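Q: Please find one structure pasted underneath; my questions will follow.
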Amino acid sequence: FSAVYMTGGGTAVTRVGQPDLGFTTMTEMIASASAMTSTISVPLIADADTGYGGALNTYRTVREYEKAGVAALHIEDQAFPKRCGHLDGKEVVSIPEMSTKIRAACDARTDDDFVVIVRTDALAVTGLDDTLRRCAAFAEAGADVLFVEALRSQEDIDHVRREVDLPLLYNFVEHGKSPLIPVPELEALGFKMVIFPGSIMLSVCTLAQRILREIRERGTTANLTGEMVSVVAFFEIMGLQACLDLDQQWAQGASVVIKTP
């Protein structure tokens, strides 16, 4: 893949053990982002929720994400505390308030290639017309990419695509509110980015529950080993052999030039 995406919901679940209801802090999100950028060689796109405050907070958020090696982030127009975009009960801030935060985000970046993606959750709150007004205002404020959360139908998609000139991001959420349109079709519709924030996480949850049931009911996972990688293969995904080779070279007195991702 040409890029990696760090989900806010996934970070909430894995780092703080909570649902996606605004529990994670900027510091926790940056810690996760830093861990990812230190081990990958492709750009990281990261969720930055609401920017973690007002315009000044958003300015600092962009600076800190940039320092962590993030290549792009998205901020949203939800009111705090925010929640997963595919849950009900969301609220959004005013267009002027969000536009101010977007200007702050754009001014904060020191790298011209750093991408500011702006997400609006207004579709489920104030409707399509307001969503389109927000897209126009957010583009004027400086957004590089627009992310209309929880598009509900092909009709919604057509309206947004027709009215928005900026590149669009599509959020592919299984069991969510948006249709599961294959990437080639989304590309044909004009979307430039597609994220899959929950695909692995939701699948792992199902498998983990199955394995735990096996342990509780049978006391063994022997009949499931065919669906598992070996311990060595698992660690090799994380660079096991490269680490062992480095250790061996140092033990033999060699000096090694290490290329970072």
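Every number in this text was worked out from the coordinates using simple rules, so none of it is lab data. Predicted model, so just to flag it, every value in this text is computed and none were measured. We place every Cβ from the backbone using ideal geometry, glycine too, and count neighbours over all the protein chains shown.
Q: Looking at the range 4-197 only, what percent of DSSP beta bridges run antiparallel? Nearest 5 please.
A: Just about 5 percent of them are antiparallel.
Q: Would you work out which of TYR59, SER94, VAL125 lies farthest towards the positive end of the dipole of the range 43-174, given +1 charges on the beta-carbon of Lys and Arg and -1 on that of Asp and Glu, about the Cα centre?
A: It is TYR59, whose Cα lies furthest towards the positive end.
Q: Give the total of Lys-Lys pairs in the chain with Cα-Cα distances below 28 Å; include a pair only if its members are 8 or more places apart or on different chains.
A: Total qualifying Lys-Lys pairs in the chain comes to 14.
Q: What relative contact order, as a whole-number percentage, does the chain give when Cα pairs under 8 Å and 6 or more residues apart are counted?
A: 14 percent
Q: Explain nothing, just the number: dipole magnitude of the chain about its Cα centre with +1 on each Lys and Arg Cβ and -1 on each Asp and Glu Cβ, in debye rounded to the nearest 20.
A: It works out to roughly 560 debye.
Q: One-quarter of the Cα convex hull surface for the chain, in nm²?
A: Mean projected area of the Cα convex hull: 17.3 nm².
Q: Dipole of the range 13-103, Cα-centred, from +1 at each Lys and Arg C-beta and -1 at each Asp and Glu C-beta, to the nearest 20 debye?
A: It works out to roughly 240 debye.
Q: Let me ask you something else. Rounded to the nearest 20 debye, what is the charge dipole size of the range 73-133 about its Cα centre when +1 sits on each Lys and Arg Cβ and -1 on each Asp and Glu Cβ?
A: 140 debye
Q: Loop only by DSSP, 12 or fewer other Cβ within 10 Å of the Cβ. Give me the trypsin sites (Lys or Arg not before Pro) in the range 203-261 that pass, ordered by residue number.
A: Answer in residue order: LYS259.
Q: Any chance you could give the angle, 0 to 90 degrees and rounded to 10, that helix 128-141 forms with the longest Cα principal axis of the chain?
A: Value to nearest ten degrees: 80.
Q: Could you work out the helix-only [θ] at 222 nm for the chain, with each DSSP H run of four or more residues adding -39,500 (n - 2.57) and the total divided by the number of residues, to the nearest 500 deg cm²/dmol?
A: For the chain, the value works out to -13000 deg cm²/dmol.
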